[in-house]
Amino acid sequence: MAAFSILTYNMHKGFSGDGRRSFVLPRMRDALALADADVVFLQEAQGEHQRHAERVADWPDASQFEFLADTLWPHYAYGRNALYDHGHHGNAILSRYPLLTWENIDVSPYPFAASRSLLHGVIEPPGGTRLHLVCIHFGFLAAERRPQIRRLCEHIEARIPHGEALVVAGDFNDWWGRAERGFNSALGLREVFRALHGRHARSFPSWAPLFPMDRIYCRGLRPTAARRLAGPPWATLSDHAPLQAWFEL
């Protein structure tokens, strides 16, 4: 099949990450449209926020992931992983191809920690091959991430056949690049930037990327290119820089 691309982005709930908390969702939509990815993995997508809807100019009537999807990605799924009195946010997958199935799996290890989940969807790009998509946003602390990574491994082993292609991407909050040590070697996952460039991409903070917080892993696909979207306009949008990768089955 022809090459296709996947982009992962912690969108910071539509606000700039430079401390001024400017609402930049319309600019994010324009920038994502120019990136022209076939599938977009989003973290910190605001599903609803009643206070912002009342106070923030240009706040969309629809959810943020629906606003970003617009006419470019007609198919999407949303997995809520943080619920509060005035709204909720979570992970989302936007796709040019229909989502055959999707589910949201809670991986929050402790009641006192921030809620986290895995959003698992399945698409069938042209060519008839099923492709599994797992969008993640893991915890800030290593004590949170270790059980979350175990839960990810268990889910992949139980629900995704080895003969079907898989992409796992998102915000691992893994400052030191150690998350892979928790992967079961039988999973056969490889990180795209390490495979192509020899090291993880530095994606945080967006205006001066120093830390490799975000990742794209794959199995049953051949990565052909990968880039970090840095510089304008990305440096003035979220606090994370997006990562984009191209694949062939």
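The values are calculated or read from the model by the stated rules, or taken from the named source; none is laboratory data. Keep in mind it's a predicted model, so treat the numbers as computed, not measured. Virtual Cβ from ideal backbone geometry, glycine too; neighbours counted across all protein chains shown.
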Contact list, first residue from the stretch 206-219 and in contact (Cβ under 8 Å) with a residue 12 or more places away in the chain and part of a loop (DSSP other than H, G, I, E, B), second anywhere and surrounded by fewer than 22 Cβ atoms within 10 Å (Cβ to Cβ) and among the aliphatic types (A, V, I, L, M), beta-carbon distance below 6 Å, six or more apart or interchain, is Ser206/Ala235; Trp207/Ala235
Considering the stretch 90-139, residues that are touching a helix residue (DSSP H, G or I) at 6+ places or on another chain (Cβ under 8 Å) and in a strand (DSSP E or B), and then whichever is modelled with the lowest pLDDT, we arrive at Ile105
Considering residues that are in a helix (DSSP H, G or I), out of contact with any helix residue (DSSP H, G or I) (no Cβ under 7 Å at 6 or more places or on another chain) and more than 13 Å from Ala37 (Cα to Cα), the number found within the stretch 56-74 is 2
Residue pairs within 9 Å by beta carbon, gap of at least six or interchain, first lying in the stretch 72-85 and in contact (Cβ under 8 Å) with a residue 12 or more places away in the chain, second of a type in the set (Lys, Arg), listed first then second, are Leu72/Arg29; Leu72/Arg96; Trp73/Arg96; Pro74/Arg96; His75/Arg96; Asn81/Arg116; Ala82/Arg116
Taking first residues from the stretch 111-126 that are of a type outside the set (S, T, N, Q) and second residues anywhere that are at pLDDT 95 or above and assigned to a loop (DSSP other than H, G, I, E, B), the pairs with Cβ under 6 Å that are 6 or more apart or on different chains are Ile123/Tyr97; Pro125/Tyr97
Here the residues within the stretch 223-243 that are out of contact with any Lys or Arg (no Cβ under 7 Å at 6 or more places or on another chain), in contact (Cβ under 8 Å) with a residue 12 or more places away in the chain and not in a strand (DSSP E or B) are Leu229, Ala230, Trp234, Ala235, Thr236, Ser238, Asp239, His240, Pro242
When the stretch 16-41 is checked residue by residue, the ones that are in a loop (DSSP other than H, G, I, E, B) and acidic (Asp, Glu) are Asp18, Asp36, Asp38
Exactly one of Glu48, Glu44 is over 28 Å from Ala226 (Cβ atoms), of a type outside the set (Val, Ile, Thr), in contact (Cβ under 8 Å) with a residue 40 or more places away in the chain and assigned to a strand (DSSP E or B), and that one is Glu48
Flagged in the stretch 199-246 as aliphatic (A, V, I, L, M) and more than 16 Å from Val168 (Cα to Cα), in numbering order, are Ala208, Leu210, Ala225, Leu229, Ala230, Ala235, Leu237, Ala241
*Can Leu83 be described as out of contact with any strand residue (DSSP E or B) (no Cβ under 6 Å at 6 or more places or on another chain) and buried (at least 20 other Cβ atoms within 10 Å of the Cβ)?*
no
Worksheet item: Among the residues of the stretch 192-204, is there at least one that is of a type in the set (Ser, Thr, Tyr), in contact with a helix residue (DSSP H, G or I) (Cβ under 8 Å, 6 or more places away or on another chain) and touching a residue at least 12 places away in the same chain (Cβ under 8 Å)?
Response: no
